[in-house]
Structures are given as structure tokens and as C-alpha cells.
Amino acid sequence: MLCKDPRKKDQSLTTSRTTRIYDKTTTPEDAHSHGTVESRNRKPQRAMSDSIKTLIASDKMRNQFAKALPAHLSPDRFARVAITALTKTPKLKSCTQASLMKCLLDLSAAGLEPDGRRAYLIPYGTEATVIISYMGLIELMRRSGDVTSIMAETVCEADDFSWRNGEVSHEVDWRAPRGELQAVYAVARLKNGETQTAVMTREDVDRIRKRSRSGKSGPWLTDFEEMAKKTVVRRLSKMLPLSSEIMEHITQDDTQFNRTAPTNPFAKDALAEDEAIEINGKEASSE
């Protein structure tokens, strides 16, 4: 009785597997197991990203930006900043072109750049959204002409703080630990000499945080103090003599408080409420 050489059997299996992996009729399941599907999917994503960047830099879009931007901002610079934002936040390439263009036109109308300081472009599923920062809100309010200065500060347990009939007194010993945050306040001085103040306790801020899309992640965890300042500045804005145009931009930022689904309800990759989003290596979320 003849015995078969086991080595020939192993070689046959190896040859068969190799042929199946590289054969043109490879199934998606087999290809995926060897990483080929992933490499194929990168190409349409890169093409989509390149097409969006090309559209932003086009004469047509720069003309649209120019119609809305204030005199101190150029459409060329705005387009460059927008393209940089797309590069720093790769998840934006999965957003619809329409939502990205709407965000950029809204920001150009507000006169704010998506530079990561005054405003952010945030991907939420397949929809791009705009988050105006604490500094962006202050810049909008100062443009009214009636507001000469705005400041916001945190109050910690070791601070000497009092609020009496709208007058704030706050003393801090910077040489000693301040302790846990207990409150936050904002003060605006108006052109006519009046002063407006808003004060919120830590509990007040936490109630707002819980209404956020990403209140359990992002800057609410990494930069809680800055988010708390933004929250009280937004409350202060309702007491100031701001133009309807500026209030409209602030109201658009108010929508980030609501736990709403993405515009496309069928998007399977919509982010969970507590999923963090990275911007330039740092997590960010709506307020």
C-alpha cells in the first residue's frame, strides 16, 4: 500500500490558499480578512476629501464667502483656514458636502473662522455642525458697539467671592490652591457706563452639560472650566443690547444644547451621545 507524502498535501493547501487570496474572483469576505477591502475604501474617502477641498478653494465658493465676510476677513484666508480644519479633523470627510458648505457659509456670515479658537467644525454622524467657542461668543458680542468689554471667571472654594445686587467682588490668592470649582460668572461693561453680570453655580452648569450631545466626553471633561465660562457668557448675552443679527448667530449655537438626531436619521455611523470627537488630537463636543 502506497503512502502519500504529507508535505505535498501541505504544499497543495498552501498553493490553494494563495491562489484564492489573490485570484480576481476573491469574495469581499475573503478580501476583508486580508485587509484588501480597507485599502480599497480609502480611495473614495480621499477622493471625496479632495473634491470638498477643491470646492472650498474654487472661485465660486470664495465669491460666496466674500459676500458674507466682514471687511477684516479675506475669502482666501477663510478658505485656507477651512481646508486646514478639514485636514485636522479627518472624520469631517465622512460628512455630507451640503452640511459642510452650510457650516462654512454660516461661519462666514458670522465673521468667524473655523480655526479651533473661535469656532469648530464638528462631525456628528454624516452631518457637519458648527460650535462657537467662548472666545467666539465674546467677539460677536463686542461687535455690537454697545459692549466695551466682557470677562468671565471661575469661582473656587478657597476664593473670596460675593455678589450683591449685580455687583461682583472676587479675590483670589494665586499662591495657594484654589480648591474645587463652585461657580462661574461673567461681567459686561456697556458703552453707556452700565454693567451687567450673570452668575451660575456648579449645579447650574451641570444641568446645562447634561443637555449637551456630548456632555459626558470631549471638552466637558478635558476643559470643563472653559465650557463653564462659555455657558455663563451665553446666559449673559440675553441681558445685553445686541443686534438681531448677532443674536441670530448666538441662537444657532443654542441648538447645540438639544439632543437631536443627525439630519440623516438613517446614518448608521451616527455618533453616540457619549462618544468623543477628536480635533487636532484633542477631544471636542458641543456645549
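The values are calculated or read from the model by the stated rules, or taken from the named source; none is laboratory data. Just so we're clear, the structure is a prediction, and the values are computed from it rather than from any experiment. Heads up, the Cβs are rebuilt from the backbone with ideal geometry, glycines too, and the neighbour counts pull from every protein chain shown.
Select from the range 97-108 the residues that are surrounded by fewer than 22 Cβ atoms within 10 Å (Cβ to Cβ) and either in contact with a Lys or Arg (Cβ under 9 Å, 6 or more places away or on another chain) or among the charged types (D, E, K, R) (or both) and list them in ascending order.
Within the range 97-108, 102, 106 meet the criteria.
From the residues in the range 127-147 that are among the aliphatic types (A, V, I, L, M) and in a strand (DSSP E or B), which one is farthest from residue 243 (Cα to Cα)?
Here the answer is 128.
Hey, any hits in the range 256-267 for a residue that's in contact with a Lys or Arg (Cβ under 9 Å, 6 or more places away or on another chain), over 14 Å from residue 132 (Cβ atoms) and at pLDDT 85 or above?
No, because not a single residue in the range 256-267 is in contact with a Lys or Arg (Cβ under 9 Å, 6 or more places away or on another chain), over 14 Å from residue 132 (Cβ atoms) and at pLDDT 85 or above.
Aromatic (Phe, Trp, Tyr) and either touching a residue at least 60 places away in the same chain (Cβ under 8 Å) or closer than 23 Å to residue 245 by Cβ (or both), is that true of residue 124?
yes
If you check 128, 119, which single one turns out to be within 19 Å of residue 250 (Cβ to Cβ) and either in contact with a His (Cβ under 6 Å, 6 or more places away or on another chain) or not acidic (Asp, Glu) (or both)?
119
If residue 166 satisfies all but one of (1) small (Gly, Ala, Ser); (2) closer than 22 Å to residue 230 by Cβ; (3) in contact with a Lys or Arg (Cβ under 7 Å, 6 or more places away or on another chain), what's the number of the condition it fails?
(3)
Could you say which residue among 144, 212, 217 is surrounded by 15 or more Cβ atoms within 10 Å (Cβ to Cβ), modelled with pLDDT under 95 and in contact with a Leu (Cβ under 6 Å, 6 or more places away or on another chain)?
Answer to the selection: 144.
Report whether or not residue 184 is under 23 Å from the mean Cα position of the chain (by Cα), under 25 Å from residue 136 (Cα atoms) and modelled with pLDDT of 95 or more.
Criteria met by residue 184.
If I ask for residues that are surrounded by 15 or more Cβ atoms within 10 Å (Cβ to Cβ) and either within 21 Å of residue 158 (Cα to Cα) or free of Cβ contacts under 8 Å to residues at least 24 places away in the same chain (or both), which ones from the range 188-205 would you list?
Hits for the range 188-205 are 198, 199, 200, 202, 204, 205.
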